Every structure is written in structure tokens, then in C-alpha cells.
Amino acid sequence: MSIETALRNYRVIAWVTGVGLLVLVLVAMPLKYFFGQPQLVALVGMTHGFLYMIYIVCTLLLAERCRWKPLDALLILVAGTVPFASFVAERRVTHRVRAGRSPVS
């Protein structure tokens with residue numbers, strides 16, 4: 001797999017994971033805690049967890065292809081757990097990978 005293919009896969013899953021996390025935090029959790037409807041949290045939470053596992057694999061594949069430092073890869077992995085951070089990380093990673101630079105430092 002080329003760096004460009006790994007980058008494309010990472011970009012897609014970063015967006016999908018980010019959107020899933022936003023739906024969980026901004027829609028499903030308020031429904032559960034303010035309106036007593038936990039069904040969406042169960043569904044979206046499980047889906048986000050599955051997508052995050054794919055995010056981990058895609059990030060690590062990209063990190064391996066680009067020879068990132070382990071700390072750089074870890075910081076990008078953590079971005080998938082913070083609302084809106086995966087979008088910021090995706091933009092930064094995309095620009096830096098295309099420029100042949102490290103994603104963080």
C-alpha cells in the first residue's frame with residue numbers, strides 16, 4: 001500500500017469517526033441524560049467504538065508508511081477521542097504528509 005492510499009484511508013476514517021463522535025456527544029448523550037432515551041447512545045456508542053478501531057488501524061498503517069515517531073502516532077490516535085480534534089488532526093496530517101514532514105513536530 002502506498003503512502004497516498006494509506007493517507008486516503010486515514011482521511012476517510014478520520015472524518016467518519018469524527019462525525020460519529022459528534023453525533024454521540026451532541027445528539028445521543030443529551031437524548032439519554034435529558035430525555036431518558038438511552039437507545040441511541042447504545043447504537044452510536046457501539047458504532048463509534050467499532051469505527052475507532054478502524055481509525056487506529058488506518059492511523060498506524062499511515063504512521064508505519066511515513067515512519068512517524070511513536071509519540072506522533074499516539075497524539076494522532078488520541079485526536080480520534082476528542083470531539084472536533086479528528087478534523088483538525090486530519091487537516092494537519094494531510095498537509096504534513098504531502099509535504100513529507102512529521103505530523104506533529
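Okay, here's what the table says:
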| quantity | calculated |
| --- | --- |
| Number of the condition not met by Leu43 [criteria: (1) farther than 12 Å from Gly80 by Cα; (2) within 13 Å of the chain's Cα centre (by Cα)] | (2) |
| Considering residues of region 50-105 that are of a type in the set (Phe, Trp, Tyr) and touching a residue at least 12 places away in the same chain (Cβ under 8 Å) only, the residue farthest from Val12 (Cα to Cα) | Trp68 |
| Conditions (1) part of a loop (DSSP other than H, G, I, E, B); (2) under 17 Å from the mean Cα position of the chain (by Cα); (3) not small (Gly, Ala, Ser): number failed by Arg101 | (2) |
| Residue in region 1-18 that is farthest from Val82 (Cα to Cα), counting only those that are among the hydroxyl-bearing types (Ser, Thr, Tyr) and within 13 Å of the chain's Cα centre (by Cα) | Tyr10 |
| Helices (runs of 4 or more DSSP H) fully within region 1-88 counting 1 or more residues that are within 24 Å of Ala99 (Cβ to Cβ) | 3-23, 39-66, 70-79 |
| From Val78, Val16, Val57, Val44, residue being surrounded by 16 or more Cβ atoms within 10 Å (Cβ to Cβ) and closer than 25 Å to Ile3 by Cβ | Val16 |
| Residue list for region 19-40, filter: farther than 19 Å from Glu90 by Cβ, within 19 Å of the chain's Cα centre (by Cα) and small (Gly, Ala, Ser) | Ala28 |
| Residue under evaluation Arg98, criteria (1) in contact with a Leu (Cβ under 9 Å, 6 or more places away or on another chain); (2) surrounded by 16 or more Cβ atoms within 10 Å (Cβ to Cβ); (3) among the basic types (Lys, Arg), criterion not met | (2) |
| Residues that are small (Gly, Ala, Ser) and surrounded by 17 or more Cβ atoms within 10 Å (Cβ to Cβ), drawn from region 19-41 | Gly20, Ala28 |
| Region 24-49, subset in contact (Cβ under 8 Å) with a residue 24 or more places away in the chain and not hydrophobic (A, V, I, L, M, F, W, C), residue farthest from Leu74 (Cα to Cα) | Thr47 |
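Taken together, the values in this text are just the output of simple stated rules run on the coordinates, not laboratory data. Just so you know, these numbers come straight off a predicted model, no measurement behind them. All Cβ positions, glycine included, derive from the backbone under ideal geometry; neighbour counts span all protein chains shown.
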